Every structure is written in structure tokens, then in C-alpha cells.
Amino acid sequence: MRIALVRRVCSLKKAGAERYCINLMRQLRAKGHEVTIVGESMDDSLKAEAKHLKVPVSKWTSWTKNLSLARNARKVFANQGFDIVHGLSRVYGLDTYRLTDPLQTHWLKVFYRGKMQQFLQRLNPRHRTILRIEKQLFGPDGPRRIIVQSKLDERLLKEYFEVDPKRVCRVTNGVDTTNFHPDYQQERLAVRAEWKIPADAPLLTFASMDFRRKGLSRLLQAMAIARTSGMWLMVIGDGDIARFKALAASMNLADRLVFTGRQQAIARLYAASDLFVLPTIYEPFPNVNLEAMACGIPVITTATAGGADAIEPAINGYVIASPDDVECLADRIDFHFGRGETQLRLMSAAARSTALRYTPEANAEQTLAVFQEVLSEKAAA
């Protein structure tokens, strides 16, 4: 097949969605398919692996960036003879679309709680633009198939857009279990020494490029009321570090908090911890959950994140019903650190075992099956 993957940025320097695009491209090429990346930019180092069709994007404002990408991408890939055009970004004219970024319609509802706030945000040009693009994507004239990563987004598409269930396919994420591996736990003491974390301290990790949306403030609040003594938190990624340092200081947590910034060798940081926590408000399926589990680290997440599908409570992690329930989050943290060594070893093994079921190969095979369905429909039309 000649396949176009559409993503605004395709880079190994970026986080989950951009890396997913690269991993999918490599899996498809390994299976003998010709893959072209359509987007604004792609790492030069990747151009030996896949052709890149550049999409001109207006940088004037956020709303013009979103709208120009949606419109111009279609102009770029039209008449190129692709068998399948698969969107990982919100653009027009797709055969298939993977709900990679959070569903904006739902995001506005859960992030802006008051009705007046929601009304005002819907007047924001950026939000209005994305909402209009989503309306087309999920309407009857949108892509033939919509790929979701979780039961959560499957339900949300039905709730907000009444999408025909026949158009929706659930394809789970994949994690590179070779690069993310429990063997990194051998570096546990070295990593802790590097970041001046006591060797025997209970250590939580949190990883994100958006601290506010992923729930760092709620995690700090939970730490402040948790009973587990001497607990530390390692925060991986970029965000408003100054703001959250100040928040931690106001809770007397500053001396037990480490900000690592953006890291390339993230697996060794996961493996140095005891528990990965991501109390996000809403997320289609956080890759970081599977990465931590692949390293043998149990996960606490929320029922409002698609990653909850992978969690078996008290077996490989924990699920908090509401991201606002700080008391419940603190309770689960305390419960975890109150378990015996044998139970913790079993949880670590179960986390790894779960991650092994979520492979990039399986993700690519399931995605290809969706492509084949669409090809058959197009041929019959």
C-alpha cells in the first residue's frame, strides 16, 4: 500500500503523538508498505526512512495554525495517488483518522467547569476552529473510519457526535518493551544519587509536557496529606516549573521534589521510582503509563484517562474515579507503600506483563486491518 501519515510535526525530540507517528511509519515500512509523512516538519534524520511532503502552516495565531494545517494538508496529499491517507492530526479529506489529540469538545467541558466559562471559551477563535474541524471529522462526511485508543473515547464519540459505531475501531497503543525494560532498575541507586534522592525513599514519578492538564497540582496536594513518610516526587518533562516549585513550597514539599526537565533516557528515570502517577483530567491514552509499566513500575491514573483500560486495580496499578478526588489519590499512594515486598514484586511483574500485550507490532497490524477495510469499501464504491 501507498500510505500517507498526516501529523503536523514528526520528531523524535517530541513526546507521545509525534513519536507514535514515527513508530507507526517504521512498523508499516517493515511490513513492506510505502509510507510518506505529510506535515509541517520532520526530523532530517528521518528523511532516509520516509518521504516528507511539507504542509505550509500559518504561524500568525493559534487558530490560523490549526485551520491552515487542516486545509493545506488536503491540498498537499490530494492527487498523490495514495491508497490510504491516515490522519494523526485534525485535517480535512482523510480516509481514516486516529483520535490522537484530546477530543476538544469534551476537553472544554471538563477543564472549564462553569457554564459561563465554557461559553466564553467556545468564543475563543482557537477553540472555535478546532470544534469546527472536529464537527467535520466526526460528521457523516468525515473519514470512513475513526480509530480510538480506548473505551473512553469510543463512548465520548457516541455521546457528543452520535458517530455510527461501525465507523469506530478501537486500536490500542503500543510500547517499545525493548527500550522500556525492568533491567533499568539496576540503575536505581545511580539515578537516585544523580538527582540527590535518598536511596530508600518512597519515590513517585510524574511525566508530562503539560503539568497543569496532567494533574501535577493534584498530585502535590495528595502528597501533602498522604501518611507515607519521607516520600519524594520526580517530575519529568517541561512545563511551568517556577509555578509548581512555588506551589510545592507552599505545601512544605519543596525539599522532596525534583524537576528533571525534558529527558531522552526516560526509561532509567521510571525504573528508579516505585510508583508512576498521572492524575490527568482527560487523556485519550497516555503513552507514559505503558512506558512506566514496561519498566515494571505500577501506575496510578484516573478513570477519565483512556489508559485506565490497561489497569487491574491492586494488580498492576490503581484507578482513581475522579481526578479531583485528592483524598482518594493520597489513600491509594499510602495503600501502595503499605504493601509488603512480595506484593510489590508481584505488582511490578504484573505491570511488565501487561505492557508486553501492548506492542507496536500489534498496533500496526490492527491499524492495517482498518486500512484494508477502507480499501475494500473504496473499491466497492
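Worth a mention:
- If you go through region 287-338 and keep only what is of a type in the set (S, T, N, Q) and without any contact (Cβ under 8 Å) to a residue 12 or more places away in the chain, you end up with nothing.
- Residue in region 266-286 that is without any contact (Cβ under 8 Å) to a residue 40 or more places away in the chain and buried (at least 23 other Cβ atoms within 10 Å of the Cβ) present: no
- Within region 202-215, being among the hydrophobic types (A, V, I, L, M, F, W, C) and closer than 12 Å to residue 234 by Cβ holds for 203, 204, 206, 207.
- Condition met for residue 28 (modelled with pLDDT of 95 or more and either more than 20 Å from the chain's Cα centre (by Cα) or not hydrophobic (A, V, I, L, M, F, W, C) (or both)): yes
- Answer residue from region 31-49, given it is at pLDDT 95 or above and either crowded, with 21+ Cβ neighbours inside 10 Å or outside any loop (DSSP other than H, G, I, E, B) (or both) and is farthest from the chain's Cα centre (by Cα) among those: 34
- Of all the numbered requirements in (1) outside any loop (DSSP other than H, G, I, E, B); (2) surrounded by 14 or more Cβ atoms within 10 Å (Cβ to Cβ); (3) free of Cβ contacts under 8 Å to residues at least 40 places away in the same chain; (4) more than 19 Å from the chain's Cα centre (by Cα), residue 154 misses one, and that requirement is (4).
- Residue 307 being in the same structural domain as residue 229 (by TED's automatic domain parsing) and within 22 Å of residue 103 (Cα to Cα): yes
- Region 90-107 residues that are more than 17 Å from residue 168 (Cβ to Cβ) and at pLDDT 95 or above, paired with ones that are part of a loop (DSSP other than H, G, I, E, B) and not charged (D, E, K, R) (beta carbon under 7 Å, 6 or more apart): 93/78
- Considering region 239-265, the residues that are part of a helix (DSSP H, G or I), in contact with a strand residue (DSSP E or B) (Cβ under 6 Å, 6 or more places away or on another chain) and of a type outside the set (Val, Ile, Thr) include one that is surrounded by the fewest Cβ atoms within 10 Å (Cβ to Cβ), namely 256.
- Residue match in region 332-353 (condition: within 21 Å of residue 208 (Cα to Cα), modelled with pLDDT under 95 and crowded, with 18+ Cβ neighbours inside 10 Å): no
- Where residue 80 falls short, out of the listed (1) surrounded by fewer than 16 Cβ atoms within 10 Å (Cβ to Cβ); (2) part of a helix (DSSP H, G or I): (2)
- Answer residue from region 4-52, given it is among the hydroxyl-bearing types (Ser, Thr, Tyr) and free of Cβ contacts under 8 Å to residues at least 60 places away in the same chain and is nearest to residue 237 (Cα to Cα) among those: 11
The values are calculated or read from the model by the stated rules, or taken from the named source; none is laboratory data. None of these values were measured; they are calculated from a predicted model. Because the Cβ atoms are built from the backbone with ideal geometry, glycine has one as well, and the counts that use them run over all protein chains shown.
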